Amino acid sequence: MPRPESTVASRVATQSSKAARRYAALVGIALCVATTAVTAQDQAPKRPSGWTDKQSVASRHFMVAAANPLAVAAGYRIIRQGGTAADAAVAVQLVLNIVEPQSSGIGGGAFMLYHEARRHKLTAYDGRETAPAAATPERFLDKDGNPLEFYAAVVGGKSVGVPGTLALLFETHRRHGKLPWKTLFEPAIALAENGFEVSPRLNTMVATEKYFVQPQIRSYFLDGGGKPLAVGTVRKNPAFAATLRKIAARGPASFYTGEVAQDIVDTVRSHPTNPGDLTLADLAGYKVKVREPVCGLYRSYNVCGMPLPSSGGLTILQMLGMLEPYDLHAMGPLTLWSVHFMSEAGRLAYADRGMYEADPDFYTPPTGLLDHDYLLERSQLIKTTGSMTRATPGTPPEVAPARKVAFGVHEALEFPSTSHISIVDREGNALAMTTTIEDSFGSRLMTKSGFLLNNELTDFSFAPTDSGKPVANRVEAGKRPRSSMAPTIVYDRTGRVFMVAGSPGGSAIINYVVKTLIGVIDWKLDPQAAIALPNIGSRNGPTELEKDT
């Protein structure tokens, strides 16, 4: 299993030998501790003997964790000015849009959990993209009725959903922010106008990219000779700076209507071989959904995540529920048994995910997916004599009487772009936000307004039916595709925020977050050490082990 692509890499010695291995720093998975997981306890969790990776960062007042130091600095600046976590998230996301445009931005979508300290209330905000009104279940079938090859669907306008990130940021700022909206744009505008240095990561990703055809995207990421901009090259984006100034002055209406909206529509519909059908009405009609988080107990902790259409929260809670009967602490990190049990739980949870999880506004999932007895029954399918190799979906309570139609299984491809932001502010408000344009560089379409557009619609099932049964996550007009993004907030037994976590990584996000939660809760590692554990797990396929570890 590969590392999340936005991790920071270094070399450290393993516990048992001097062999070097890769690890993710705090800014990689973006697990934020601040005044919680480490400093809220009398004694910080210890590391295994001989552990030599970087130390966790601790703060008594506030913390910002993101995938780029310029984005972290922008969020830090906003909180120092008196801003809240919601204020800081706006600044962080807009800077990420500039310095790692291949991963997230206002041309994409996001999910956010927000813990409001004063009211001790957790809210889930759904800024996921939506399918255009013209979309049909056959959107990604060829003329013979067969599913398209993945990149034949991705590259071009047909994969672009209505972006939701900016609407989400505005809504959470309206509800939870303190500083003026326009103030939050200042760091990103300055960076877009003055330029940023191309990072080694961005240079490498451009160098391995095969689908830059659009002139706009080529002229931005490549030099005059058609080669990737060299590391350290100062890249300015005056078009994006102008777009940000409009949005800062007039709010999201200047994105979802007017010149920017027309630019989005023109970019989507003008692709020469794979044009889309997005309209101005689709953009103007976009709404953020405010939903109830999904929460469940694991050991003595209350683990909360995003509800559908994100599968992250439910699938993580299913895995933890299946693992709770077993003594993972005694198994220890990175043993045959801990890898086996976590992988088997992943197979079972991903099997349910493939059948039962989709946009709840279009499909009613079974209510018993987190039923204690159901998860206990599923956990008993884990054997010590070998792997089940591939799990079948279970039958959670109420699934039979609630359904007049049997649904088929769907396993959409999700590739490891994406970024994650974790923030705790001075007042104790906490925010976990996972944000994406789906695949690296999204649809490979860049607007004249200076940002990339998502390919989020390829998170739908390409095949609308399975063995004659409808697939819950099929394409439908106005629908939000299922996601694996998994922003997570964990509370301790006293109700205090204990951990704020999340990860990039496509459909492997769920396993990455589970590994980190178990590392901290069961193995008593500090957050840095838990993140640094090699990635393992199963997505109901092979058991995946991180390369070179």
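From the square roots a ≥ b ≥ c of the eigenvalues of the alpha-carbon gyration tensor of segment 56-97, which class results: rounded (a/c under 1.5), prolate (a/b over b/c), or oblate? In terms of gyration-tensor shape, oblate. Please identify which residues in segment 266-293 have an amide N closer than 17 Å to a label point set 7 Å out from the Cα of R235, following the Cα→Cβ vector. Nothing falls inside the zone, counting backbone N under 17 Å. Cα centroid separation, segment 128-153 to segment 89-118: 27 Å.
Sum up the charges of everything whose Cβ sits under 14 Å from the Cβ of Y76, counting Lys and Arg as +1 and Asp and Glu as -1, but leave Y76 out. All intermediate terms of the calculation are to be shown ahead of the outcome.
Values: positive: R77, R80, R426; negative: D87, E186, D425.
Spelling it out: positives minus negatives among the neighbours equals 0.
Expressed as a whole percent, the accessible area of segment 151-285 that falls on carbon and sulfur atoms is 55 (1.4 Å probe).
This model, with +1 at the C-beta of Lys and Arg and -1 at the C-beta of Asp and Glu, gives the chain a dipole about its Cα centre of some 1100 debye. If R0 equals 35 Å, the separation of the Cβ atoms of K547 and A73 corresponds to a calculated FRET efficiency of about 0.65.
DSSP H helices in the chain with Cα extent of 20 Å or more along the helix axis and mean Kyte-Doolittle hydropathy at least 1.0? All intermediate terms of the calculation are to be shown ahead of the outcome.
Values: long enough: 85-99 (21 Å, 1.83); 336-356 (30 Å, -0.06).
Going by DSSP H runs, the hits are 85-99.
Between the labelled values (i) 141; (ii) 150; (iii) 174, the entry that holds volume of the Cα convex hull per residue in Å³ as derived from this structure is (i). Taking all protein chains as shown and a probe of 1.4 angstrom, K469 keeps an accessible surface of around 70 Å². Carbon-plus-sulfur accessible fraction, segment 59-118 (probe radius 1.4 Å, protein heavy atoms only): 51%. Please name whichever of L96, V198, A124 sits farthest to the positive end of the charge dipole of segment 87-224, dipole taken about the Cα centre and charges placed at Cβ: Lys and Arg +1, Asp and Glu -1. Positive-end residue among those listed: A124. For the pair R60 and A477 in one chain, pulling the backbone fully straight at 0.36 nm per residue adds 145.4 nm over the alpha carbon distance.
What order do D361, D142 take when sorted by accessible area (1.4 Å probe), most exposed first? Before the final figure, lay out each step's value.
Values: D361 80, D142 55 Å².
Sorted by accessible area, descending: D361, D142.
Give the residue list of chymotrypsin sites (Phe, Trp or Tyr not before Pro) in segment 205-245 that are DSSP loop and have at most 16 other beta-carbon atoms within 10 angstrom. All intermediate terms of the calculation are to be shown ahead of the outcome.
Values: sites: Y211, F212, Y220, F221, F240; in loops: Y211, F212.
Taking segment 205-245 and a limit of 16 other Cβ atoms within 10 Å, the loop chymotrypsin sites (Phe, Trp or Tyr not before Pro) found are Y211.
Each stretch of four or more DSSP H residues adds -39500 (n - 2.57); spread over every residue of the chain, this sum gives -9000 deg cm²/dmol at 222 nm.
Accessible surface for H329 stands near 110 Å², nearest 10, in the context of the full protein assembly shown (1.4 Å probe). Take the chain with all the other protein chains still there, run a 1.4 Å probe, and you get 37 Å² of accessible area per residue.
So, counting K/R as plus one and D/E as minus one, what does the shell of residues with Cβ under 10 Å around L202 add up to?
Values: positive: R201, R235; negative: E100, E197.
Cβ neighbours under 10 Å give a net charge of 0.
Using the Cβ-Cβ distance between R269 and S199 with R0 set to 22 Å, the FRET efficiency works out to roughly 0.10.
Placing pseudo-labels 7 Å out from each Cα toward the beta carbon at R250 and L280 gives an inter-label distance of 1.2 nm. Separation of segment 501-518 from segment 327-398 is 15 Å, based on Cα centroids. Ordering Y151, N237, I247 by Cα displacement along the dipole of segment 144-281 toward the positive end leaves I247 in first place; charges were set at the Cβ atoms of Lys, Arg (+1) and Asp, Glu (-1). The stretch between K121 and A330, if pulled fully straight at 0.36 nm per residue, gains 71.8 nm over its current Cα-Cα span. Simple rule: put +1 on each Lys or Arg Cβ and -1 on each Asp or Glu Cβ in segment 242-373, find the dipole, and look at S338, V288, T257; the Cα lying farthest toward the positive end is T257. Quarter the surface of the alpha carbon convex hull of segment 204-323 and you get the mean projected area, 12.6 square nanometres.
Here the accessible area is traced with a 1.4 Å probe on the protein chains. For segment 288-357, carbon and sulfur cover 60 percent of it. With the cut-off at under 19 Å, measuring from each backbone N in segment 176-204 to a point 7 Å along the Cα-to-Cβ line of R80 picks out 178-180, 183-192.
The values are calculated or read from the model by the stated rules, or taken from the named source; none is laboratory data. Computed from a predicted model, the values in this text were never measured in an experiment. Positions of Cβ are generated from backbone atoms using ideal geometry, with glycine treated the same way; all protein chains shown enter the neighbour counts. Keep in mind that these areas ignore ligands, DNA and RNA; they rest on the heavy atoms of the full protein, side chains included. Shrake-Rupley method; radii C 1.70, N 1.55, O 1.52, S 1.80 Å.
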